[in-house]
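Q: Here it is, the structure, as C-alpha coordinates.
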Number of protein chains: 2
Amino acid sequence: MNKSELFKAREQRILSAALVTARGKGALDFRMADVARAAECSVGTLYGHFLSKEDMMAALVQISLQQRHEWIARLNEMELTPMERFVTLLASERVRLLRDDVLAQLELLVSHTELWRRAADQRQLALRALVEELVKALEGILQDARQQNLLAVGEAECSTLVARARALLLGFQLQSSRQTLAPTAELAETDGLLDALANLLAGAGLAEGHTEWRTRCREALRQYPALPEVAIQAPNAA
Amino acid sequence: MNKSELFKAREQRILSAALVTARGKGALDFRMADVARAAECSVGTLYGHFLSKEDMMAALVQISLQQRHEWIARLNEMELTPMERFVTLLASERVRLLRDDVLAQLELLVSHTELWRRAADQRQLALRALVEELVKALEGILQDARQQNLLAVGEAECSTLVARARALLLGFQLQSSRQTLAPTAELAETDGLLDALANLLAGAGLAEGHTEWRTRCREALRQYPALPEVAIQAPNAA
(Lines give C-alpha, C1' and ligand atoms only; values in the text may rest on other atoms or scores of the structure.)
Protein backbone atom coordinates (compact mmCIF):
# COMPACT_ATOMS: atom_id res chain seq x y z
CA MET A 1 0.00 0.00 0.00
CA ASN A 2 1.23 3.47 -0.76
CA LYS A 3 0.77 6.41 1.59
CA SER A 4 -2.61 7.47 0.21
CA GLU A 5 -3.96 3.91 0.39
CA LEU A 6 -2.74 3.59 3.97
CA PHE A 7 -4.50 6.87 4.85
CA LYS A 8 -7.76 5.62 3.34
CA ALA A 9 -7.50 2.24 5.05
CA ARG A 10 -6.92 3.95 8.40
CA GLU A 11 -9.86 6.28 7.81
CA GLN A 12 -12.11 3.28 7.19
CA ARG A 13 -10.81 1.61 10.35
CA ILE A 14 -11.55 4.78 12.32
CA LEU A 15 -15.07 5.06 10.90
CA SER A 16 -15.77 1.40 11.70
CA ALA A 17 -14.53 2.03 15.23
CA ALA A 18 -16.66 5.19 15.51
CA LEU A 19 -19.81 3.31 14.51
CA VAL A 20 -19.10 0.49 16.96
CA THR A 21 -18.44 3.08 19.68
CA ALA A 22 -21.62 5.03 18.87
CA ARG A 23 -23.57 1.76 19.07
CA GLY A 24 -22.18 1.05 22.52
CA LYS A 25 -22.19 4.52 24.08
CA GLY A 26 -25.05 6.19 22.18
CA ALA A 27 -25.03 8.39 19.08
CA LEU A 28 -24.72 11.58 21.13
CA ASP A 29 -22.42 10.43 23.89
CA PHE A 30 -19.47 8.63 22.35
CA ARG A 31 -16.12 10.33 22.90
CA MET A 32 -13.09 10.71 20.68
CA ALA A 33 -10.97 8.89 23.28
CA ASP A 34 -13.29 5.86 23.02
CA VAL A 35 -13.01 5.87 19.23
CA ALA A 36 -9.20 6.13 19.42
CA ARG A 37 -9.09 3.13 21.76
CA ALA A 38 -11.36 1.07 19.48
CA ALA A 39 -9.38 2.07 16.36
CA GLU A 40 -6.06 1.44 18.14
CA CYS A 41 -4.67 4.87 17.33
CA SER A 42 -4.12 8.16 19.16
CA VAL A 43 -6.72 10.89 19.52
CA GLY A 44 -4.34 13.11 17.54
CA THR A 45 -4.53 10.66 14.62
CA LEU A 46 -8.33 10.99 14.64
CA TYR A 47 -8.01 14.74 14.20
CA GLY A 48 -5.70 14.12 11.24
CA HIS A 49 -8.73 12.60 9.51
CA PHE A 50 -11.66 14.56 10.95
CA LEU A 51 -12.08 18.16 11.96
CA SER A 52 -14.22 17.32 15.00
CA LYS A 53 -16.36 14.60 16.52
CA GLU A 54 -19.29 16.07 14.60
CA ASP A 55 -17.29 15.86 11.36
CA MET A 56 -16.79 12.16 12.09
CA MET A 57 -20.53 11.73 12.74
CA ALA A 58 -21.20 13.49 9.44
CA ALA A 59 -18.75 11.15 7.66
CA LEU A 60 -20.73 8.14 8.89
CA VAL A 61 -23.94 9.75 7.64
CA GLN A 62 -22.23 10.43 4.31
CA ILE A 63 -21.38 6.73 3.85
CA SER A 64 -24.96 5.76 4.63
CA LEU A 65 -26.33 8.34 2.17
CA GLN A 66 -23.88 7.34 -0.58
CA GLN A 67 -25.65 3.99 -0.80
CA ARG A 68 -28.49 5.87 -2.46
CA HIS A 69 -26.30 6.76 -5.43
CA GLU A 70 -26.06 3.21 -6.82
CA TRP A 71 -29.58 2.37 -5.74
CA ILE A 72 -31.02 5.24 -7.81
CA ALA A 73 -29.18 3.89 -10.88
CA ARG A 74 -30.45 0.36 -10.25
CA LEU A 75 -33.99 1.56 -9.67
CA ASN A 76 -33.98 3.39 -12.99
CA GLU A 77 -33.27 0.09 -14.75
CA MET A 78 -36.18 -1.74 -13.14
CA GLU A 79 -39.43 -2.14 -15.02
CA LEU A 80 -41.56 0.20 -12.98
CA THR A 81 -44.02 2.93 -13.87
CA PRO A 82 -43.06 6.49 -12.84
CA MET A 83 -45.51 6.34 -9.94
CA GLU A 84 -44.07 3.04 -8.70
CA ARG A 85 -40.52 4.34 -9.12
CA PHE A 86 -41.29 7.52 -7.13
CA VAL A 87 -42.95 5.67 -4.27
CA THR A 88 -40.26 2.98 -4.17
CA LEU A 89 -37.38 5.47 -4.12
CA LEU A 90 -38.84 7.33 -1.16
CA ALA A 91 -39.91 4.21 0.70
CA SER A 92 -36.38 2.79 0.26
CA GLU A 93 -35.16 5.65 2.45
CA ARG A 94 -37.24 4.19 5.23
CA VAL A 95 -35.72 0.75 4.60
CA ARG A 96 -32.23 2.25 4.82
CA LEU A 97 -32.96 4.04 8.10
CA LEU A 98 -34.80 1.16 9.75
CA ARG A 99 -31.79 -1.09 9.24
CA ASP A 100 -29.50 0.71 11.63
CA ASP A 101 -30.86 2.68 14.59
CA VAL A 102 -27.57 4.38 15.35
CA LEU A 103 -27.00 5.55 11.77
CA ALA A 104 -30.61 6.78 11.71
CA GLN A 105 -30.01 8.79 14.90
CA LEU A 106 -26.75 10.20 13.53
CA GLU A 107 -28.54 11.22 10.35
CA LEU A 108 -31.25 13.03 12.32
CA LEU A 109 -28.69 14.81 14.49
CA VAL A 110 -26.38 15.79 11.64
CA SER A 111 -29.15 16.80 9.22
CA HIS A 112 -31.61 18.56 11.53
CA THR A 113 -29.74 19.99 14.51
CA GLU A 114 -26.97 22.55 14.70
CA LEU A 115 -24.33 19.77 14.81
CA TRP A 116 -23.63 19.90 11.05
CA ARG A 117 -22.15 23.38 11.52
CA ARG A 118 -19.11 21.73 13.11
CA ALA A 119 -18.43 19.40 10.20
CA ALA A 120 -15.78 20.38 7.64
CA ASP A 121 -17.04 22.73 4.89
CA GLN A 122 -16.32 20.07 2.27
CA ARG A 123 -18.33 17.51 4.20
CA GLN A 124 -21.28 19.90 4.45
CA LEU A 125 -21.14 20.43 0.69
CA ALA A 126 -20.96 16.67 0.06
CA LEU A 127 -23.96 16.04 2.31
CA ARG A 128 -25.99 18.78 0.63
CA ALA A 129 -25.10 17.30 -2.78
CA LEU A 130 -26.43 13.92 -1.64
CA VAL A 131 -29.74 15.48 -0.61
CA GLU A 132 -29.85 17.34 -3.91
CA GLU A 133 -29.27 14.06 -5.80
CA LEU A 134 -32.37 12.52 -4.23
CA VAL A 135 -34.45 15.61 -4.99
CA LYS A 136 -33.24 15.62 -8.62
CA ALA A 137 -33.99 11.90 -9.01
CA LEU A 138 -37.52 12.38 -7.69
CA GLU A 139 -38.10 15.43 -9.87
CA GLY A 140 -36.71 13.50 -12.86
CA ILE A 141 -39.26 10.75 -12.30
CA LEU A 142 -42.07 13.31 -12.31
CA GLN A 143 -40.64 14.80 -15.52
CA ASP A 144 -40.83 11.32 -17.09
CA ALA A 145 -44.43 11.09 -15.96
CA ARG A 146 -45.18 14.46 -17.57
CA GLN A 147 -43.55 13.39 -20.85
CA GLN A 148 -45.64 10.24 -20.82
CA ASN A 149 -48.72 12.43 -20.28
CA LEU A 150 -49.38 10.77 -16.93
CA LEU A 151 -49.08 14.00 -14.93
CA ALA A 152 -50.70 17.28 -15.91
CA VAL A 153 -48.98 19.75 -13.58
CA GLY A 154 -46.29 22.39 -14.15
CA GLU A 155 -42.64 22.16 -13.15
CA ALA A 156 -43.10 24.31 -10.04
CA GLU A 157 -45.86 22.00 -8.82
CA CYS A 158 -43.53 19.03 -9.39
CA SER A 159 -41.00 20.59 -6.99
CA THR A 160 -43.75 21.19 -4.44
CA LEU A 161 -44.90 17.59 -4.80
CA VAL A 162 -41.36 16.28 -4.22
CA ALA A 163 -40.91 18.57 -1.20
CA ARG A 164 -44.18 17.38 0.34
CA ALA A 165 -43.45 13.73 -0.35
CA ARG A 166 -40.03 14.09 1.34
CA ALA A 167 -41.63 15.86 4.30
CA LEU A 168 -44.19 13.07 4.63
CA LEU A 169 -41.45 10.45 4.55
CA LEU A 170 -39.38 12.22 7.20
CA GLY A 171 -42.43 12.60 9.44
CA PHE A 172 -43.33 8.92 9.04
CA GLN A 173 -39.75 7.91 9.80
CA LEU A 174 -39.43 10.04 12.94
CA GLN A 175 -42.89 9.49 14.42
CA SER A 176 -42.52 5.71 14.15
CA SER A 177 -38.86 5.55 15.14
CA ARG A 178 -37.81 3.40 18.08
CA GLN A 179 -35.99 6.43 19.49
CA THR A 180 -39.13 8.53 19.63
CA LEU A 181 -40.75 9.29 23.00
CA ALA A 182 -44.32 8.71 21.80
CA PRO A 183 -44.16 6.64 18.58
CA THR A 184 -47.26 6.46 16.41
CA ALA A 185 -48.25 2.83 15.86
CA GLU A 186 -50.36 3.75 12.79
CA LEU A 187 -47.19 4.72 10.89
CA ALA A 188 -45.13 1.59 11.51
CA GLU A 189 -46.20 -0.48 8.49
CA THR A 190 -44.50 -0.07 5.10
CA ASP A 191 -47.87 -0.39 3.34
CA GLY A 192 -49.11 2.71 5.18
CA LEU A 193 -46.20 4.74 3.84
CA LEU A 194 -46.75 3.41 0.31
CA ASP A 195 -50.44 4.34 0.54
CA ALA A 196 -49.76 7.81 1.94
CA LEU A 197 -47.26 8.58 -0.84
CA ALA A 198 -49.63 7.12 -3.46
CA ASN A 199 -52.45 9.34 -2.13
CA LEU A 200 -50.23 12.39 -2.38
CA LEU A 201 -49.43 11.57 -6.02
CA ALA A 202 -53.07 10.72 -6.78
CA GLY A 203 -54.04 14.19 -5.50
CA ALA A 204 -51.79 15.61 -8.23
CA GLY A 205 -53.24 13.28 -10.84
CA LEU A 206 -50.56 10.56 -10.92
CA ALA A 207 -52.34 7.33 -9.97
CA GLU A 208 -51.99 3.68 -10.91
CA GLY A 209 -55.12 2.18 -12.36
CA HIS A 210 -54.52 -1.19 -10.70
CA THR A 211 -53.84 -2.44 -7.15
CA GLU A 212 -50.81 -4.54 -8.11
CA TRP A 213 -48.53 -1.51 -7.75
CA ARG A 214 -48.07 -2.08 -4.02
CA THR A 215 -46.74 -5.61 -4.64
CA ARG A 216 -44.41 -4.31 -7.33
CA CYS A 217 -43.05 -1.58 -5.02
CA ARG A 218 -42.51 -4.10 -2.21
CA GLU A 219 -40.64 -6.44 -4.57
CA ALA A 220 -38.41 -3.59 -5.71
CA LEU A 221 -37.76 -2.60 -2.07
CA ARG A 222 -36.55 -6.12 -1.30
CA GLN A 223 -33.70 -5.54 -3.75
CA TYR A 224 -32.32 -2.65 -1.72
CA PRO A 225 -28.70 -3.60 -1.09
CA ALA A 226 -27.23 -4.42 2.33
CA LEU A 227 -24.84 -1.98 4.00
CA PRO A 228 -21.34 -2.31 2.49
CA GLU A 229 -19.50 -4.62 4.92
CA VAL A 230 -15.99 -3.34 4.32
CA ALA A 231 -16.90 0.32 4.62
CA ILE A 232 -18.32 0.52 8.09
CA GLN A 233 -19.46 -2.79 9.45
CA ALA A 234 -16.29 -4.67 10.39
CA PRO A 235 -13.84 -2.79 12.62
CA ASN A 236 -10.99 -5.18 11.74
CA ALA A 237 -11.60 -5.23 8.00
CA ALA A 238 -8.89 -2.73 7.05
CA MET B 1 -44.15 32.69 50.32
CA ASN B 2 -44.31 29.30 52.02
CA LYS B 3 -41.82 26.50 51.37
CA SER B 4 -43.68 25.03 48.42
CA GLU B 5 -44.12 28.44 46.78
CA LEU B 6 -40.42 29.16 47.23
CA PHE B 7 -39.58 25.82 45.61
CA LYS B 8 -41.76 26.62 42.63
CA ALA B 9 -40.39 30.14 42.26
CA ARG B 10 -36.84 28.76 42.30
CA GLU B 11 -37.75 26.12 39.72
CA GLN B 12 -39.07 28.83 37.41
CA ARG B 13 -35.91 30.86 37.91
CA ILE B 14 -33.81 27.80 37.07
CA LEU B 15 -35.83 27.06 33.92
CA SER B 16 -35.53 30.67 32.77
CA ALA B 17 -31.79 30.46 33.34
CA ALA B 18 -31.62 27.13 31.47
CA LEU B 19 -33.38 28.60 28.44
CA VAL B 20 -31.13 31.66 28.40
CA THR B 21 -28.08 29.39 28.72
CA ALA B 22 -29.29 27.07 25.94
CA ARG B 23 -29.80 30.12 23.73
CA GLY B 24 -26.23 31.25 24.33
CA LYS B 25 -24.37 27.93 24.29
CA GLY B 26 -26.60 25.82 22.03
CA ALA B 27 -29.41 23.41 22.85
CA LEU B 28 -27.04 20.44 23.01
CA ASP B 29 -24.03 22.03 24.62
CA PHE B 30 -25.15 23.99 27.65
CA ARG B 31 -23.81 22.69 30.93
CA MET B 32 -25.35 22.44 34.39
CA ALA B 33 -22.58 24.67 35.78
CA ASP B 34 -23.57 27.43 33.31
CA VAL B 35 -27.21 27.14 34.35
CA ALA B 36 -26.28 27.27 38.04
CA ARG B 37 -24.27 30.44 37.45
CA ALA B 38 -27.13 32.07 35.51
CA ALA B 39 -29.69 31.03 38.15
CA GLU B 40 -27.39 32.13 40.99
CA CYS B 41 -27.59 28.81 42.79
CA SER B 42 -25.38 25.75 43.24
CA VAL B 43 -25.25 22.81 40.83
CA GLY B 44 -26.51 20.70 43.75
CA THR B 45 -29.64 22.86 43.95
CA LEU B 46 -30.31 22.16 40.25
CA TYR B 47 -30.31 18.44 40.96
CA GLY B 48 -32.81 19.02 43.75
CA HIS B 49 -35.23 20.09 41.02
CA PHE B 50 -34.19 17.98 38.03
CA LEU B 51 -32.92 14.44 37.71
CA SER B 52 -30.45 15.32 34.94
CA LYS B 53 -29.64 17.92 32.33
CA GLU B 54 -31.93 16.03 29.95
CA ASP B 55 -34.73 16.17 32.55
CA MET B 56 -34.29 19.94 32.60
CA MET B 57 -34.41 20.04 28.77
CA ALA B 58 -37.58 17.96 28.92
CA ALA B 59 -39.08 20.38 31.47
CA LEU B 60 -38.57 23.28 29.04
CA VAL B 61 -40.24 21.25 26.29
CA GLN B 62 -43.08 20.46 28.68
CA ILE B 63 -43.75 24.18 29.30
CA SER B 64 -43.77 24.85 25.57
CA LEU B 65 -46.17 21.94 24.92
CA GLN B 66 -48.48 22.94 27.78
CA GLN B 67 -49.37 26.07 25.81
CA ARG B 68 -51.36 23.79 23.53
CA HIS B 69 -53.74 22.89 26.33
CA GLU B 70 -55.41 26.32 26.56
CA TRP B 71 -55.09 26.88 22.84
CA ILE B 72 -57.12 23.73 22.08
CA ALA B 73 -59.89 25.00 24.39
CA ARG B 74 -59.86 28.43 22.73
CA LEU B 75 -59.85 26.93 19.26
CA ASN B 76 -62.91 24.85 20.09
CA GLU B 77 -64.81 28.05 20.87
CA MET B 78 -63.98 29.71 17.55
CA GLU B 79 -66.49 29.64 14.71
CA LEU B 80 -64.65 27.26 12.42
CA THR B 81 -65.74 24.23 10.41
CA PRO B 82 -64.20 20.88 11.44
CA MET B 83 -61.86 21.02 8.46
CA GLU B 84 -60.68 24.54 9.36
CA ARG B 85 -60.28 23.57 13.00
CA PHE B 86 -58.18 20.51 12.12
CA VAL B 87 -55.88 22.41 9.77
CA THR B 88 -55.53 25.35 12.17
CA LEU B 89 -54.71 23.17 15.17
CA LEU B 90 -51.90 21.41 13.29
CA ALA B 91 -50.59 24.56 11.63
CA SER B 92 -50.49 26.29 15.04
CA GLU B 93 -47.84 23.74 16.04
CA ARG B 94 -45.67 25.21 13.33
CA VAL B 95 -46.34 28.73 14.66
CA ARG B 96 -45.30 27.60 18.15
CA LEU B 97 -42.06 26.01 16.92
CA LEU B 98 -41.10 28.82 14.54
CA ARG B 99 -41.23 31.31 17.39
CA ASP B 100 -38.29 29.96 19.32
CA ASP B 101 -35.46 28.11 17.56
CA VAL B 102 -33.93 26.83 20.77
CA LEU B 103 -37.20 25.44 22.15
CA ALA B 104 -37.83 23.85 18.73
CA GLN B 105 -34.39 22.17 18.85
CA LEU B 106 -34.96 21.01 22.41
CA GLU B 107 -38.32 19.54 21.39
CA LEU B 108 -36.73 17.65 18.50
CA LEU B 109 -33.95 16.32 20.72
CA VAL B 110 -36.19 15.34 23.63
CA SER B 111 -38.98 13.87 21.47
CA HIS B 112 -37.00 12.06 18.78
CA THR B 113 -33.60 11.06 20.12
CA GLU B 114 -32.64 8.82 23.00
CA LEU B 115 -32.32 11.86 25.33
CA TRP B 116 -35.83 11.48 26.76
CA ARG B 117 -34.75 8.23 28.40
CA ARG B 118 -32.77 10.30 30.89
CA ALA B 119 -35.72 12.45 31.94
CA ALA B 120 -37.62 11.53 35.11
CA ASP B 121 -40.30 8.85 34.63
CA GLN B 122 -42.98 11.33 35.66
CA ARG B 123 -41.76 13.84 33.09
CA GLN B 124 -41.82 11.19 30.34
CA LEU B 125 -45.41 10.37 31.28
CA ALA B 126 -46.37 14.06 31.26
CA LEU B 127 -44.82 14.58 27.82
CA ARG B 128 -46.57 11.50 26.42
CA ALA B 129 -49.87 12.78 27.85
CA LEU B 130 -49.36 16.11 26.05
CA VAL B 131 -48.81 14.31 22.73
CA GLU B 132 -51.87 12.19 23.43
CA GLU B 133 -53.94 15.33 24.11
CA LEU B 134 -53.16 16.68 20.64
CA VAL B 135 -54.00 13.34 19.01
CA LYS B 136 -57.30 13.15 20.92
CA ALA B 137 -58.19 16.73 19.97
CA LEU B 138 -57.53 16.02 16.29
CA GLU B 139 -59.47 12.76 16.41
CA GLY B 140 -62.31 14.56 18.19
CA ILE B 141 -62.52 17.09 15.38
CA LEU B 142 -62.81 14.27 12.84
CA GLN B 143 -65.55 12.67 14.99
CA ASP B 144 -67.45 15.98 14.84
CA ALA B 145 -67.06 15.94 11.07
CA ARG B 146 -68.46 12.40 10.95
CA GLN B 147 -71.45 13.35 13.11
CA GLN B 148 -72.14 16.27 10.80
CA ASN B 149 -71.97 13.84 7.86
CA LEU B 150 -68.99 15.68 6.42
CA LEU B 151 -66.66 12.69 6.57
CA ALA B 152 -67.62 9.20 5.44
CA VAL B 153 -64.75 7.11 6.86
CA GLY B 154 -64.53 4.72 9.82
CA GLU B 155 -62.88 5.36 13.18
CA ALA B 156 -59.72 3.44 12.27
CA GLU B 157 -59.28 5.56 9.17
CA CYS B 158 -59.69 8.69 11.31
CA SER B 159 -56.71 7.59 13.43
CA THR B 160 -54.68 6.94 10.30
CA LEU B 161 -55.59 10.36 8.95
CA VAL B 162 -54.49 12.05 12.17
CA ALA B 163 -51.22 10.08 12.20
CA ARG B 164 -50.44 11.05 8.60
CA ALA B 165 -51.33 14.69 9.15
CA ARG B 166 -49.02 14.81 12.19
CA ALA B 167 -46.24 13.14 10.19
CA LEU B 168 -46.69 15.66 7.39
CA LEU B 169 -46.50 18.55 9.87
CA LEU B 170 -43.33 17.21 11.51
CA GLY B 171 -41.68 16.71 8.13
CA PHE B 172 -42.61 20.24 7.03
CA GLN B 173 -41.29 21.66 10.28
CA LEU B 174 -37.96 19.83 10.15
CA GLN B 175 -37.22 20.16 6.43
CA SER B 176 -37.79 23.92 6.52
CA SER B 177 -36.13 24.54 9.90
CA ARG B 178 -33.26 27.00 10.15
CA GLN B 179 -31.24 24.30 11.91
CA THR B 180 -31.51 21.89 9.00
CA LEU B 181 -28.45 21.27 6.82
CA ALA B 182 -30.35 21.39 3.51
CA PRO B 183 -33.67 23.20 4.15
CA THR B 184 -36.42 22.89 1.55
CA ALA B 185 -37.50 26.34 0.39
CA GLU B 186 -40.80 24.97 -0.98
CA LEU B 187 -41.95 24.17 2.56
CA ALA B 188 -41.27 27.53 4.19
CA GLU B 189 -44.64 29.22 3.58
CA THR B 190 -47.59 28.72 5.94
CA ASP B 191 -49.97 28.54 2.97
CA GLY B 192 -48.10 25.51 1.63
CA LEU B 193 -48.65 23.68 4.92
CA LEU B 194 -52.34 24.66 4.97
CA ASP B 195 -52.74 23.37 1.39
CA ALA B 196 -50.88 20.12 2.07
CA LEU B 197 -53.05 19.40 5.11
CA ALA B 198 -56.21 20.38 3.20
CA ASN B 199 -55.23 18.01 0.37
CA LEU B 200 -54.75 15.19 2.85
CA LEU B 201 -58.23 15.79 4.28
CA ALA B 202 -59.75 16.22 0.80
CA GLY B 203 -58.35 12.79 -0.12
CA ALA B 204 -60.43 11.36 2.75
CA GLY B 205 -63.50 13.32 1.65
CA LEU B 206 -63.34 16.27 4.08
CA ALA B 207 -63.06 19.36 1.89
CA GLU B 208 -64.28 22.94 2.10
CA GLY B 209 -66.45 24.00 -0.81
CA HIS B 210 -65.03 27.54 -0.80
CA THR B 211 -61.56 29.13 -0.94
CA GLU B 212 -62.14 31.42 2.05
CA TRP B 213 -61.06 28.67 4.45
CA ARG B 214 -57.38 29.61 4.10
CA THR B 215 -58.08 33.18 5.23
CA ARG B 216 -60.14 31.91 8.14
CA CYS B 217 -57.35 29.52 9.24
CA ARG B 218 -54.74 32.29 9.03
CA GLU B 219 -56.94 34.60 11.11
CA ALA B 220 -57.34 31.92 13.75
CA LEU B 221 -53.57 31.28 13.73
CA ARG B 222 -52.94 34.95 14.49
CA GLN B 223 -54.73 34.48 17.79
CA TYR B 224 -52.20 31.90 18.96
CA PRO B 225 -50.98 33.27 22.29
CA ALA B 226 -47.44 34.49 22.97
CA LEU B 227 -45.14 32.45 25.19
CA PRO B 228 -46.03 32.99 28.85
CA GLU B 229 -43.57 35.66 29.99
CA VAL B 230 -43.35 34.68 33.63
CA ALA B 231 -42.82 31.01 32.97
CA ILE B 232 -39.68 30.98 30.90
CA GLN B 233 -38.93 34.26 29.22
CA ALA B 234 -37.60 36.54 31.96
CA PRO B 235 -34.71 35.16 34.03
CA ASN B 236 -35.28 37.74 36.77
CA ALA B 237 -39.05 37.41 36.92
CA ALA B 238 -39.23 35.21 40.01
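The values are calculated or read from the model by the stated rules, or taken from the named source; none is laboratory data. Treat the numbers as computed from the prediction; the structure is a model and nothing was measured. Quick reminder, even Gly has a Cβ in these numbers, built from the backbone with ideal geometry, and neighbours come from all protein chains shown.
Q: Give the number of residues within region A:158-191 that are assigned to a helix (DSSP H, G or I) and either crowded, with 16+ Cβ neighbours inside 10 Å or at the interface with chain B (Cβ under 9 Å from one of its Cβ atoms) (or both).
A: Within region A:158-191, residues that are assigned to a helix (DSSP H, G or I) and either crowded, with 16+ Cβ neighbours inside 10 Å or at the interface with chain B (Cβ under 9 Å from one of its Cβ atoms) (or both) number 22.
Q: Here are the criteria: (1) without any contact (Cβ under 8 Å) to a residue 12 or more places away in the chain; (2) in a helix (DSSP H, G or I). Tell me which single one A:A137 does not satisfy.
A: (1)
Q: Of the numbered conditions (1) farther than 28 Å from B:F7 by Cβ; (2) assigned to a loop (DSSP other than H, G, I, E, B), B:L89 fails exactly one; give the number of that condition.
A: Checking B:L89 against (1) farther than 28 Å from B:F7 by Cβ; (2) assigned to a loop (DSSP other than H, G, I, E, B), the one that fails is (2).
Q: Evaluate region B:199-216: report whether one residue or more is assigned by TED's automatic domain parsing to the domain that holds B:E79, surrounded by 19 or more Cβ atoms within 10 Å (Cβ to Cβ), outside any helix (DSSP H, G or I) and β-branched (V, I, T).
A: no
Q: Within region B:110-124, is even one residue in a helix (DSSP H, G or I), out of contact with any Cys (no Cβ under 7 Å at 6 or more places or on another chain) and within 26 Å of A:L161 (Cβ to Cβ)?
A: Within region B:110-124, one or more residues are in a helix (DSSP H, G or I), out of contact with any Cys (no Cβ under 7 Å at 6 or more places or on another chain) and within 26 Å of A:L161 (Cβ to Cβ).
Q: Take B:R68 and tell me if it is surrounded by 13 or more Cβ atoms within 10 Å (Cβ to Cβ), of a type outside the set (G, A, S) and either modelled with pLDDT of 95 or more or not assigned by TED's automatic domain parsing to the domain that holds B:A126 (or both).
A: Taking the combined requirement at face value, the residue does not satisfy it.
So that you can scan it fast, the table gives a plain yes or no per residue for (1) more than 15 Å from the chain's Cα centre (by Cα); (2) assigned to a helix (DSSP H, G or I); (3) of a type in the set (G, A, S); (4) more than 20 Å from A:V135 (Cα to Cα):
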| position | (1), (2), (3), (4) |
| --- | --- |
| A:A38 | yes, yes, yes, yes |
| A:L51 | yes, no, no, yes |
| A:E54 | yes, yes, no, yes |
| A:N76 | yes, yes, no, no |
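Q: Based on what the data block shows, is B:L138 under 22 Å from A:L201 (Cα atoms) and in the same structural domain as B:R94 (by TED's automatic domain parsing)?
A: For B:L138, the condition - under 22 Å from A:L201 (Cα atoms) and in the same structural domain as B:R94 (by TED's automatic domain parsing) - is not met.
Q: So is B:R96 in a helix (DSSP H, G or I), at negative phi, crowded, with 19+ Cβ neighbours inside 10 Å and not aliphatic (A, V, I, L, M) or not?
A: yes
Residue by residue, here is whether (1) closer than 30 Å to A:S92 by Cβ; (2) of a type in the set (F, W, Y) holds:
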| residue | (1), (2) |
| --- | --- |
| A:K3 | no, no |
| A:F7 | no, yes |
| A:G26 | yes, no |
| A:A33 | no, no |
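Q: Name, by its number, the condition in (1) more than 27 Å from B:A165 (Cα to Cα); (2) of a type in the set (D, E); (3) touching a residue at least 60 places away in the same chain (Cβ under 8 Å) that does not hold for B:D100.
A: Failed condition: (1).
Q: Let me ask something else. Could you list all residues from region B:141-157 that are of a type outside the set (D, E) and surrounded by fewer than 16 Cβ atoms within 10 Å (Cβ to Cβ)?
A: Correct list: B:Q143, B:Q147, B:Q148, B:N149, B:A152, B:V153, B:G154, B:A156.
Q: Taking the conditions exactly as written (within 14 Å of B:G171 (Cβ to Cβ) and assigned to a helix (DSSP H, G or I)), does A:L194 satisfy them or not?
A: Here the answer is no, as A:L194 does not meet what is asked.
Q: If you don't mind, another one. So if I check each of B:R128, B:R68, which one is touching a residue at least 60 places away in the same chain (Cβ under 8 Å) and either within 19 Å of A:L181 (Cα to Cα) or out of contact with any helix residue (DSSP H, G or I) (no Cβ under 6 Å at 6 or more places or on another chain) (or both)?
A: Within the list B:R128, B:R68, the selection yields B:R68.
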